Amino acid sequence: VDEVKAHLNTAFSSVKRWRRLNTAFFYPLFILAMCDLPASAQSPRPTEFQVKAAYLYNFGKFVRWPESVSAGPVFTMCVFGDDPFGGALQQVTDGQKVNGLSVELRQVTAVDEIKGCRVLFINGEEPGWRSGIATAKKLAVLTVGDAPDFLERGGMIQFVLVANRVRFEVNLDAAREAGLQLSAELLKVAAKVVAQNPPGGQR
Amino acid sequence: VINRRSISARVTMMNLIVSGAALMLACAGFFAYDQVTFREALVRTLSAQVQIIGSNSVSALLFNDPESAENTLSALRSFRNVASAGILTADQHVFATYTRNPGDEILNLPVLTQGQNEAYWFRNTHLVLMRAITSEGRVVGYVYVRAELSEINVRMRRYALIAAAVLLLSLLLALFVSRAFERGITGRIIGLADMARRVSRERNYSLRMPAAADSTEVGVLVESFNAMLQEVQQRDSALQKAHDELELRVQERTRELLSANRELEAFSYSVSHDLRGPIDALNGFSYVLLQQYGGSLGPGGEEIVGHIRTSARRMRELIDVLLNLSRVTTSTMHLEAVDLSAMARSIADELRRNEPSRQVRFSIAQTQPVQGDVRLLRIALENLLRNAWKYTSKHASADIEFGEKQEHGRTVFYVKDNGAGFNPKLAGQLFQPFQRLHNAEDFQGDGIGLATVRRILSRHGGEIWAEGAPEQGATFYFTIAAGSSDRPR
């Protein structure tokens, strides 16, 4: 960056030199910018669960909780059952904040531990995950899962793979019933939004 | 015509230049101001757009949805000057792009320095504006737009068009204004110049400029010009009047003088003529007295009667001379070619015959014939030669010369002797009647000869003058005008 500054400073002294530098200096940058280099060339391509971990963290930024829940001093993200992320979630959320609150991770093994969570990832391989969905809905917790019938079971956001890319689908009715407001920005990038009721009254 | 137009042309040119220059400066100022404000406005508009796009692209970036981002970017289609736009990921990879027309891709993309939220760069033909997209205080990507500056060019063209139109109009206006001024000021100055030229050419001082109704400098100029003409005209007419009066007076005086002269001549002729009778009687009766009563008078008485007779004869001679002079003045002239040298030779022969005892050498040159009255010219030449003969009588050897010479383009005749001469200071009196420079005892004479000569020559349009010194001889020069005519007397 300092090199850029230095170049810019000298460049202003002469229009001719500016033009020359323009081509000489910015062109390689452009190449760098425009070429969609394979991720492996720079850093190892993120794994499916690394992406999912990042998404899980980012969901929190586009959801508004009811007053009763949002009063807590920390932003608690929970995983129901075994943690499939393998430390990726820890990596993504380390030192990060959501709506100004620092993120805290918690492992949940029973439904009565769900209270206090803001976001709950439900591992579909956990035997009691369906009851977890119901409990979380009552407690106004955003439920995210990757079970194929997650939305049908009342889950709110379900990860899907589209063209080998991680995307997600949203059950807007479930979120509304729980009193959660999902932002239009989030819905915009969702692969699918399931909504039986007309979308009146939500942001 | 060029001179005529010079003032108005200069005034017109001045108007055109001043209004044109003022307009050019004003246009340049407006244009510069417009450029600045337009660029500022463009940056503000683009900045607002980029902010909206940025905040609408956060989720697309976070959830890796380029389609959504491109969808957001496509909102720029309503901004015609945005040629291309794009969103980069946090590590500067292209995430989504938008181009208005294919090939509008941005080539050399600048980068934001660290901590910089937004920056813009003006290039030759476009403006690039870049803004960081943040989420929870972290940069998650960048959005940029590239706007064409062609609108500035369009505006510039529009400005140039308007400026040209206004320039044309104002130049026309300036032309009209200077036309109006030409009628008002320059026109009158040109009129004044024309009038001055006319006055000096025609010498007509009665011309006037139409009176000026205003009190501007031009009006004052016109008034003073007219006043000057008035003054000149007055003086000119006064001068003309004085001149005419003088002419009239001269004519009147000449007429009076002529009639007085004629009366005088008639008087002197009649007096001389009438005096002849009594003198003849005096002469005759004294002769009778001397013949018949001579003896009874005694010797004293006889001598007295002799004196009376001498005086009477002398008086008779004087009267004859006066009558001759009068005739010379008044007689009619018959012009013919006259050979003066032949005339001089015959006079010389006559003089020698009358006084054969004197030794006088005549040298008479052959001269050009002249036009004149032969009788009058003979009287004049006889007078001059007889004078020379007379005033050389006291000299043992006398030389008398007659000839001609060219002087100042005219023929001058002369009669030269080596006789008694005269005092040159009194040369002016030589030709006055009855003026004698020598005693009657030394040289006999009636004092009328040279006066007669002068009158004759004067009637021939000529003149006479003399040179001489006492005892050094005298030379009489005279001219006869070619084709001489009798001057009115």
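Miscellaneous remarks
- Matching residues, the range A:123-182, being within 19 Å of residue A:54 (Cβ to Cβ), among the charged types (D, E, K, R) and in contact (Cβ under 8 Å) with a residue 40 or more places away in the chain: A:146
- Residues that are in a loop (DSSP other than H, G, I, E, B), charged (D, E, K, R) and at pLDDT below 85 occur in the range B:471-485; there is at least one.
- The selection criterion, being over 14 Å from the mean Cα position of the chain (by Cα) and more than 24 Å from residue B:60 (Cα to Cα), does not hold for residue A:155.
- Conditions (1) among the hydrophobic types (A, V, I, L, M, F, W, C); (2) buried (at least 22 other Cβ atoms within 10 Å of the Cβ); (3) part of a helix (DSSP H, G or I): number failed by residue B:413: (3)
- Check on residue B:124, of a type outside the set (Gly, Ala, Ser) and on the phi < 0 side of the Ramachandran plot: yes
- Matching strands (runs of 3 or more DSSP E) fully within the range A:101-203 where at least 1 residues are buried (at least 16 other Cβ atoms within 10 Å of the Cβ) and not hydrophobic (A, V, I, L, M, F, W, C): A:101-108, A:142-145, A:157-162, A:165-171
- Of the listed requirements (1) of a type in the set (Gly, Ala, Ser); (2) without any contact (Cβ under 8 Å) to a residue 40 or more places away in the chain; (3) in contact with a helix residue (DSSP H, G or I) (Cβ under 8 Å, 6 or more places away or on another chain); (4) under 19 Å from residue A:53 (Cα atoms), residue A:81 misses just one: (2).
- Close Cβ contacts (under 6 Å, 6 or more residues apart or on different chains) running from residues in the range B:357-377 that are in contact (Cβ under 8 Å) with a residue 24 or more places away in the chain and within 27 Å of residue B:393 (Cβ to Cβ) to residues that are β-branched (Val, Ile, Thr) and in a helix (DSSP H, G or I) comprise B:376/B:456.
- Yes/no for residue B:221 being at pLDDT 80 or above and in contact with a Phe, Trp or Tyr (Cβ under 9 Å, 6 or more places away or on another chain): no
- Residues in the range B:366-399 that are of a type in the set (A, V, I, L, M, F, W, C), in contact with a Ser or Thr (Cβ under 9 Å, 6 or more places away or on another chain) and in a helix (DSSP H, G or I) were compared, and the one that is farthest from residue B:443 (Cα to Cα) is B:376.
- Residue within the range A:75-82 that is crowded, with 16+ Cβ neighbours inside 10 Å, closer than 18 Å to residue A:171 by Cβ and more than 12 Å from chain B (Cβ to nearest Cβ) present: yes
- Exactly one residue out of B:10, B:44 is within 25 Å of residue B:139 (Cβ to Cβ) and loosely packed, with under 13 Cβ neighbours inside 10 Å, and it is B:44.
- Residue within the range B:78-86 that is facing chain A (nearest Cβ under 10 Å) and either free of Cβ contacts under 8 Å to residues at least 40 places away in the same chain or charged (D, E, K, R) (or both) present: no
- Candidate set from the range B:236-293 (those that are of a type in the set (Val, Ile, Thr) and within 30 Å of residue B:321 (Cβ to Cβ)); member that is nearest to the chain's Cα centre (by Cα): B:254
- Flag for residue B:131 being buried (at least 19 other Cβ atoms within 10 Å of the Cβ), of a type in the set (Lys, Arg) and touching a His at 6+ places or on another chain (Cβ under 8 Å): no
- Whether a residue is under 26 Å from residue B:53 (Cα atoms), touching a Lys or Arg at 6+ places or on another chain (Cβ under 9 Å) and within 14 Å of chain B (Cβ to nearest Cβ) was assessed, and residue A:159 does not pass this test.
The values are calculated or read from the model by the stated rules, or taken from the named source; none is laboratory data. What you are looking at is a predicted structure, and each value in this text was computed from that prediction instead of being measured. Because the Cβ atoms are built from the backbone with ideal geometry, glycine has one as well, and the counts that use them run over all protein chains shown.
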